[in-house]
Amino acid sequence: MMEMPVPQPHSPHTSLGRDHTWQELIFQQLLNLELRNKPGDELAPISPELARWIRLRAQDLKLRQSDRQWAVDLVNHLRESLLVFLKNSDEQPYFQSASVLSSGSYYEMVKILNPNEFDMMLKLQSPSRLKMTELDQYHGLFYEVALSRSTRSHIRSFLLDDGLTISASKIISEMHRLVRKFISTYRVPGNSWRWVMNRKRPNSPAVTLSLLEVDNGKQELLSVDVVPALEVPSSQGWPLAARAGPDVDNWLGKKTRRSLTHQTCFFVPKKPPGRNLSEAAKESWRISFSHIEKELIKAHGNKRTCCETSATKCCRKQCFKILIEGLKQRYPQELDALCSYHGKTAFLHTLSIRAQDSLWTPRQLPACFMYLLRALEGHASSGLLPHFFVPTSNLFAPPTFPRKALVFLIEALEEQRRQGLPLLMPPAPAPPLAVHSHSDSQPQLSPVVQQTPVIQYPVILPPQVVEMKSFEQMFKIVALVVVLVYVCYLL
């Protein structure tokens, strides 16, 4: 087992300083990870079998057009109906001018397996310039947001006693009330399904809706997160911690970086994790760049022609799709702190460093995925995953990412890499993946493997076997009928 450095207790959020960019630090930590490996712990060449499994896994994660269209139609109808409801709602005029910005993995074209999770950012306009005050100890992620001057506009209902500070809790509470009222009268096209609103989750900025069947109301078919977001006027610029913009000069160019920083940014009503928060923290907002992240992932090529034709395809998105989902499915409790945003951040850092399109050709898919996996392992081992837009904030620092979860993530990633990525393969009935011998005891499984559940795969019989079994069953049924008729005749 390689040595695992963890974030230093006295510095829960690592500052990058002025002499080094986050790219330089990340490159150095990956280099250090390679140098620290003990003999026999090197990243082994990819075997043909492992390369085959990576390619098969990438193919399995493609969305079927029929599933995609069905889900998109339902979500689009919900979105348009919600906007009409808000526009016609006289009891809350502030939400009448709201518009929707679609975000999340589906709209970034990196959703996997089933298109069953959607995000809708409900954009709320500010009547004037905003005063954005960065909260101490949160390194540019959380802010107290206030109006620059007093107003008589409809936003007054959501201000604190000072008449300027915008209350995050009031916004999210009103959002829940309005969506609940909307859902009570909304009918899904076809009348075979219904939307229900989930219970409010602590410290979540989203109103979550689940689509259920009318007759069988237990299984969730789709879920939609509606997140209210306060839009910062583009003329005002980003907060100081993010004003330099993401360091994409070597990847997309300085011109692109400048154009990104001239776009608007958003604040979502989310307070920092932890207890004993200050009054300002309880009403704080978290900065969001989800719309720009979607733009970066969709227009991901170093050359502007990447993935526009079949001759210019790359494997970037395929690598990203495989990265996080398997770990979350296998270790849902131990890696509860791990989310797709950690994978997205590591992915964006990797794209910015490994910028050239020639390094991401489709035939290099296995090698590129292993590179990305090793990059995530490097971030976890060093305990350093800088926010892509606010690099002074470390997403792997406690309390946002608990130390226990980080240690488990390191062990899980190392275990998977050393054992040939069993998450990508059907489990073999042979011996366990990893056995650590002890001198005075029987061999024992590593903690990661001990908690790995067994996945049962259906047995698919060849057509000849299926036909033979059907014939045997039919013969038995006919014989039974003949016997019954004969017995009845004798009686």
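The values are calculated or read from the model by the stated rules, or taken from the named source; none is laboratory data. On a predicted model such as this, the values are computed, not experimentally measured, just so you know. All Cβ positions, glycine included, derive from the backbone under ideal geometry; neighbour counts span all protein chains shown. Accessible surface is based on the protein model in full, side chains and every heavy atom, while ligands, DNA and RNA are left aside. Shrake-Rupley method; radii C 1.70, N 1.55, O 1.52, S 1.80 Å.
Which of the residues spanning the stretch 264-275 are without any contact (Cβ under 8 Å) to a residue 40 or more places away in the chain, open to solvent by less than 50 Å² (accessible area, probe 1.4 Å) and out of contact with any strand residue (DSSP E or B) (no Cβ under 9 Å at 6 or more places or on another chain)?
Of the stretch 264-275, the ones without any contact (Cβ under 8 Å) to a residue 40 or more places away in the chain are 264-265, 275.
When the remaining residues are screened for being open to solvent by less than 50 Å² (accessible area, probe 1.4 Å), the result is 264-265.
None - no residue of the stretch 264-275 is without any contact (Cβ under 8 Å) to a residue 40 or more places away in the chain, open to solvent by less than 50 Å² (accessible area, probe 1.4 Å) and out of contact with any strand residue (DSSP E or B) (no Cβ under 9 Å at 6 or more places or on another chain), so the list stays empty.
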Checklist (1) closer than 24 Å to residue 130 by Cβ; (2) at pLDDT 95 or above applied to residue 180, failing item: (1)
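Within the stretch 142-189, how many residues turn out to be part of a helix (DSSP H, G or I) and not hydrophobic (A, V, I, L, M, F, W, C)?
Final tally of qualifying residues: 13.
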Residue match in the stretch 251-270 (condition: in contact with a helix residue (DSSP H, G or I) (Cβ under 9 Å, 6 or more places away or on another chain), farther than 30 Å from residue 80 by Cβ and charged (D, E, K, R)): no
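Looking only at residues in the stretch 141-177 that are open to solvent by less than 50 Å² (accessible area, probe 1.4 Å), among the polar types (S, T, N, Q) and touching a helix residue (DSSP H, G or I) at 6+ places or on another chain (Cβ under 9 Å), which one is modelled with the lowest pLDDT? Quick ask: steps written out before the conclusion?
Step one: list which residues in the stretch 141-177 are open to solvent by less than 50 Å² (accessible area, probe 1.4 Å), which gives 141-143, 145-147, 151, 153, 155, 158-159, 163, 165-169, 171-172, 174-176.
Narrowing the set further to residues that are among the polar types (S, T, N, Q) leaves 151, 153, 165, 167, 169.
Checking the rest, the ones that are also touching a helix residue (DSSP H, G or I) at 6+ places or on another chain (Cβ under 9 Å) come to 153, 165, 167, 169.
Details: 153: 91, 165: 96, 167: 96, 169: 95.
So, considering only residues that are open to solvent by less than 50 Å² (accessible area, probe 1.4 Å), among the polar types (S, T, N, Q) and touching a helix residue (DSSP H, G or I) at 6+ places or on another chain (Cβ under 9 Å), the one modelled with the lowest pLDDT is 153.
Name the helices (runs of 4 or more DSSP H) wholly inside the stretch 267-380 in which the number of residues that are modelled with pLDDT of 90 or more is 2 or more.
279-282, 290-298, 340-353
Within 28 Å of residue 116 (Cβ to Cβ), in contact (Cβ under 8 Å) with a residue 24 or more places away in the chain, open to solvent by 10 Å² or more (accessible area, probe 1.4 Å) and of a type outside the set (D, E, K, R): is that true of residue 380 in this structure? Spell out how you get there, then give the answer.
Details: within 28 Å of residue 116 (Cβ to Cβ): yes; in contact (Cβ under 8 Å) with a residue 24 or more places away in the chain: yes; open to solvent by 10 Å² or more (accessible area, probe 1.4 Å): no; of a type outside the set (D, E, K, R): yes.
Here the answer is no, as residue 380 does not meet what is asked.
Quick one: would you say residue 194 is open to solvent by 70 Å² or more (accessible area, probe 1.4 Å) and not in a strand (DSSP E or B)?
Values: open to solvent by 70 Å² or more (accessible area, probe 1.4 Å): yes; not in a strand (DSSP E or B): no.
Judged against the criteria, residue 194 is not a match.
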